[in-house]
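*Asks:* Sharing a structure here in C-alpha cells format.
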Amino acid sequence: MPHRIIVLGAGYAGAVTAGRLAKRLRREDVALTLVNAEPDFVERVRLHQLAIGQDLRPRPLSEMFAGTGVELRLAKVTGIDVDRRTVAVIDANGAEELEYDTLVYALGSGWNTQGVPGAAEHAHEIAGRPGALRLRERLAGLATGQSVVVVGGGLTGLEAATEIAEARPDLDVALAARGELADWLSPKGRGHVRKVFEKLGITVHEHTVVTGVEADRVATADGTSVPAAVTVWTTGFAAHPIAKATALEVTGTGQIVVDGTMRSVSHPEVYAIGDAAMAVGPGDKPLRMSCASGGFTAWQAADAVAARLTGGKLPNVPIRYFNQCISLGRKEGVIQYVTADDRAVRAALTGRLAAVYKELVCKGAAWGVGNPTLGMPTRRRRVVQQPAARAGSAVEASA
Ligand SMILES: Cc1cc2nc3c(=O)[nH]c(=O)nc-3n(C[C@H](O)[C@H](O)[C@H](O)COP(=O)(O)OP(=O)(O)OC[C@H]3O[C@@H](n4cnc5c(N)ncnc54)[C@H](O)[C@@H]3O)c2cc1C
C-alpha cells in the first residue's frame with residue numbers, strides 16, 4: 001500500500017512542499033494529495049492591490065499540478081483527528097474523511113482583530129481574498145474626500161495605506177501606528193517611507209493604539225477618535241483555527257509547535273509549515289509569518305519527510321532572512337536589508353528600483369508556486385519506512 005501523504009493548503013508553503021515531495025519520492029510508493037478550499041492559488045502578497053481594483057492573474061491549481069503526480073483535492077478542511085490520522089473535508093458532494101500516514105499542515109493564517117471591540121463587525125481586512133474583494137467594493141463606492149483609516153503600522157499596513165492613497169488620491173487616507181512610522185527600518189528606509197507618505201498625503205497617527213472600531217470612526221486609547229468611513233485592519237495575522245482544535249501541541253496563538261525539521265513536537269507524523277508553524281529561526285527567534293519563512297519551512301519539511309521515508313540524510317535547509325521587501329504603491333518601495341535574524345541593517349534600497357525589485361520578488365514567488373516541480377532535479381527515491389500503526393488500530397491492539 002502506498003504511503004499516504006496529505007498536504008493541507010496550497011498557498012506559498014503547501015504548494016511548494018507538495019511539488020518538492022513529488023520530485024523526491026517514487027510515484028509508485030506514495031499517494032500524494034494536496035487539499036485546498038479554493039480552485040486557484042491566491043497571491044496573498046498582492047491582496048492590497050486586489051482591494052484597490054487591480055486584477056490578479058488567475059492561477060488555477062489544476063493546471064499547476066497537472067502531470068506532477070500530486071492529486072489535487074478541492075475541498076474545505078473542517079477538522080483533523082491526529083489520533084485516528086484522518087482529515088475531515090467537505091466539498092459540493094458532501095463530507096468525507098481522508099486517511100493519512102504523513103500530514104503536512106499549511107493552512108496559513110487570517111486577519112487578527114486582537115479582540116478589539118467592533119473590529120470584526122466594522123473593519124475590513126485584506127488577509128484573505130474574500131475580505132480584499134469586499135474592501136474593493138467598498139472603496140469603489142467611496143466619494144471624494146471620504147476617510148480611510150488603516151490600522152497597523154507593520155508591513156501590510158504600510159503597503160495598504162500607500163496603495164490606497166496612490167490609487168485614490170481623492171480620498172483622505174490615514175494610518176494609525178502603535179509606534180513611530182516604520183520605526184523598525186534603518187534610518188534610510190524609515191526616511192523614505194515618511195517621504196512617500198508625505199508625497200501621497202497620508203496622515204500618520206503615531207503612538208496611537210486603536211481601542212475600538214465603529215461604523216464611521218476608530219476610537220483610540222487617549223480618548224480621541226479618528227473619522228473613518230472605512231477602517232482597514234492590518235495588525236498582524238492569526239494562525240488558521242483548525243490546529244488549535246486538535247490534540248497537536250500549539251502555541252497560545254494556534255501555531256503548531258515544530259522542531260527544526262518542521263515536525264510537530266507532539267505528533268511525529270504531522271509537519272507544519274508557513275504561517276501555521278511556530279518554528280525557531282536564527283537567534284532562537286520565532287520565524288516571522290511571511291513568504292520568506294514559508295519557502296524555507298516548505299523545503300525543510302519536504303526534504304525531511306522524504307529523508308525519513310527513504311532512509312536518507314535529514315536536511316538542514318539554511319533558514320535565514322536577507323531582506324524585507326515593501327511596496328509603497330506601484331512606483332515606490334523599500335528593500336530593507338536585514339541580519340539573518342531579521343533585524344534591519346544600515347543598507348536599504350529605495351525608490352523606483354525598490355518597487356521593481358519587489359515586483360520581481362512577487363513574480364518569482366508566484367512562479368515558484370506555479371511551477372511546483374519545474375527546474376528541480378528529479379531524485380525520486382524508494383520509500384522504505386512503513387507508517388507507524390495508528391493509535392487504537394487493530395495492528396497496534398494486537399501487538
Ligand atoms: C496584503 C498582504 C501582503 C503581504 N505581503 C507580504 C510580503 O510582502 N512579503 C512576505 O513575505 N509576506 C507577505 N505577506 C504574508 C504572506 O502572504 C503569508 O505569510 C503567506 O501567504 C503564508 O503562506 P502560507 O502558505 O503559510 O499560507 P497561505 O498563503 O495563506 O496559504 C494557505 C492555503 O490554505 C488554504 N486554506 C485555508 N483554509 C482552508 C481550509 N479550511 N480548507 C482548505 N484549504 C484552506 C487557502 O486557500 C490557501 O491556499 C502578505 C500578506 C498579505 C495579506
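The values are calculated or read from the model by the stated rules, or taken from the named source; none is laboratory data. Keep in mind it's a predicted model, so treat the numbers as computed, not measured. Quick reminder, even Gly has a Cβ in these numbers, built from the backbone with ideal geometry, and neighbours come from all protein chains shown.
*Asks:* I'm trying to understand the selection: among the residues of the range 10-27, which are away from the ligand (no atom under 16 Å from the Cβ) and among the hydrophobic types (A, V, I, L, M, F, W, C)? Please lay out each step first, then the result.
*Replies:* So the first thing to find is which residues in the range 10-27 are away from the ligand (no atom under 16 Å from the Cβ), and the list is 22-27.
Scanning the range 10-27 gives 22, 25.
*Asks:* Can you pull out the residues in the range 1-22 that are of a type in the set (A, V, I, L, M, F, W, C), in a helix (DSSP H, G or I) and within 13 Å of residue 275 (Cβ to Cβ)? Let's see the steps before the verdict.
*Replies:* Step one: of the range 1-22, the residues of a type in the set (A, V, I, L, M, F, W, C) are 1, 5-8, 10, 13, 15-16, 18, 21-22.
Subset that is in a helix (DSSP H, G or I): 13, 15-16, 18, 21-22.
Of everything in the range 1-22, just one residue is of a type in the set (A, V, I, L, M, F, W, C), in a helix (DSSP H, G or I) and within 13 Å of residue 275 (Cβ to Cβ), namely 13.
*Asks:* Tell me which helices (runs of 4 or more DSSP H) are completely within the range 107-182 and hold 1 or more residues being within 14 Å of the ligand (Cβ to nearest atom), at pLDDT below 95 and under 25 Å from the mean Cα position of the chain (by Cα), or say none if there are none. Steps first, answer last, please.
*Replies:* Numbers: elements: 119-122, 129-140, 155-167.
Those helices (runs of 4 or more DSSP H) do not exist here; none qualify.
*Asks:* Taking the range 96-106 as the region of interest, how many residues are under 17 Å from residue 36 (Cβ atoms), touching a residue at least 24 places away in the same chain (Cβ under 8 Å), more than 12 Å from the ligand (Cβ to nearest atom) and outside any loop (DSSP other than H, G, I, E, B)?
*Replies:* We begin by selecting, within the range 96-106, every residue under 17 Å from residue 36 (Cβ atoms); these are 96, 98, 100, 103-106.
Subsequent filtering for residues that are touching a residue at least 24 places away in the same chain (Cβ under 8 Å) retains 98, 100, 103-106.
This time we only want the ones that are more than 12 Å from the ligand (Cβ to nearest atom), so: 100, 103.
Now narrow it down to the ones that are outside any loop (DSSP other than H, G, I, E, B): 103.
Residues meeting the conditions: 1.
*Asks:* Identify the single condition in (1) under 30 Å from residue 140 (Cα atoms); (2) more than 8 Å from the ligand (Cβ to nearest atom); (3) surrounded by fewer than 20 Cβ atoms within 10 Å (Cβ to Cβ) that residue 37 does not satisfy, given that it satisfies every other one.
*Replies:* (2)
*Asks:* Further question: Please go through the range 206-242 and pick out each residue that is in contact with a Gly (Cβ under 8 Å, 6 or more places away or on another chain) and more than 16 Å from the ligand (Cβ to nearest atom).
*Replies:* 206, 207, 212, 213, 214, 218, 219
*Asks:* Now a separate question. Which residues, counting only those in the range 45-61, are within 19 Å of residue 157 (Cβ to Cβ) and within 9 Å of the ligand (Cβ to nearest atom)?
*Replies:* Residues satisfying the conditions are 45, 46, 47, 48, 49, 50, 51.
*Asks:* So which of 42, 7, 89 is in contact with an Asp or Glu (Cβ under 9 Å, 6 or more places away or on another chain) and either without any contact (Cβ under 8 Å) to a residue 40 or more places away in the chain or within 11 Å of the ligand (Cβ to nearest atom) (or both)? Working first, answer last.
*Replies:* Details: 42 fails: in contact with an Asp or Glu (Cβ under 9 Å, 6 or more places away or on another chain); 7 fails: in contact with an Asp or Glu (Cβ under 9 Å, 6 or more places away or on another chain).
From the options 42, 7, 89, the qualifying one is 89.
*Asks:* Quick test of your reading of the structure: residue 322 fulfils all but one of (1) surrounded by fewer than 18 Cβ atoms within 10 Å (Cβ to Cβ); (2) within 30 Å of residue 168 (Cβ to Cβ); (3) within 14 Å of the ligand (Cβ to nearest atom); (4) not polar (S, T, N, Q). Name the failing condition by number.
*Replies:* Among (1) surrounded by fewer than 18 Cβ atoms within 10 Å (Cβ to Cβ); (2) within 30 Å of residue 168 (Cβ to Cβ); (3) within 14 Å of the ligand (Cβ to nearest atom); (4) not polar (S, T, N, Q), residue 322 violates only (2).
*Asks:* Take residue 222 and tell me if it is loosely packed, with under 14 Cβ neighbours inside 10 Å and within 18 Å of residue 338 (Cβ to Cβ).
*Replies:* Values: loosely packed, with under 14 Cβ neighbours inside 10 Å: yes; within 18 Å of residue 338 (Cβ to Cβ): no.
Answer is no for this residue.
*Asks:* Taking residue 231 as the residue in question, decide whether it is crowded, with 18+ Cβ neighbours inside 10 Å, of a type in the set (S, T, N, Q), out of contact with any Cys (no Cβ under 9 Å at 6 or more places or on another chain) and not in a loop (DSSP other than H, G, I, E, B). Show your work before the answer.
*Replies:* On the way: crowded, with 18+ Cβ neighbours inside 10 Å: yes; of a type in the set (S, T, N, Q): yes; out of contact with any Cys (no Cβ under 9 Å at 6 or more places or on another chain): yes; not in a loop (DSSP other than H, G, I, E, B): yes.
Yes.
*Asks:* Quick check, is residue 283 on the phi > 0 side of the Ramachandran plot, at pLDDT below 95 and not aliphatic (A, V, I, L, M)?
*Replies:* Details: on the phi > 0 side of the Ramachandran plot: yes; at pLDDT below 95: yes; not aliphatic (A, V, I, L, M): yes.
So residue 283 fits the description; yes.
*Asks:* Might you check whether a residue that is buried (at least 19 other Cβ atoms within 10 Å of the Cβ) and assigned to a strand (DSSP E or B) occurs anywhere in the range 279-291?
*Replies:* The answer is no, given that none of the residues of the range 279-291 is buried (at least 19 other Cβ atoms within 10 Å of the Cβ) and assigned to a strand (DSSP E or B).
*Asks:* Restricting attention to the range 56-72, which residues are within 20 Å of the chain's Cα centre (by Cα) and not hydrophobic (A, V, I, L, M, F, W, C)?
*Replies:* The answer is 57, 58, 59, 60.
*Asks:* Consider the range 261-301. How many of its residues are away from the ligand (no atom under 13 Å from the Cβ) and either of a type in the set (S, T, N, Q) or touching a Phe, Trp or Tyr at 6+ places or on another chain (Cβ under 9 Å) (or both)?
*Replies:* Residues in the range 261-301 being away from the ligand (no atom under 13 Å from the Cβ) and either of a type in the set (S, T, N, Q) or touching a Phe, Trp or Tyr at 6+ places or on another chain (Cβ under 9 Å) (or both): 9 in total.
*Asks:* Could you check the range 57-95 and list, in sequence order, the residues that are outside any loop (DSSP other than H, G, I, E, B) and polar (S, T, N, Q)?
*Replies:* Step one: filter the range 57-95 for residues outside any loop (DSSP other than H, G, I, E, B), giving 60-65, 70-74, 76-81, 86-91, 94-95.
Within the range 57-95, 62, 78, 86 qualify.
*Asks:* Out of all the residues in the range 142-149, is one or more surrounded by 24 or more Cβ atoms within 10 Å (Cβ to Cβ) and either in contact (Cβ under 8 Å) with a residue 40 or more places away in the chain or hydroxyl-bearing (Ser, Thr, Tyr) (or both)? Steps first, answer last, please.
*Replies:* Filtering the range 142-149 for residues surrounded by 24 or more Cβ atoms within 10 Å (Cβ to Cβ) gives 148-149.
Still in the list and also either in contact (Cβ under 8 Å) with a residue 40 or more places away in the chain or hydroxyl-bearing (Ser, Thr, Tyr) (or both): 148-149.
Yes: one or more hits.
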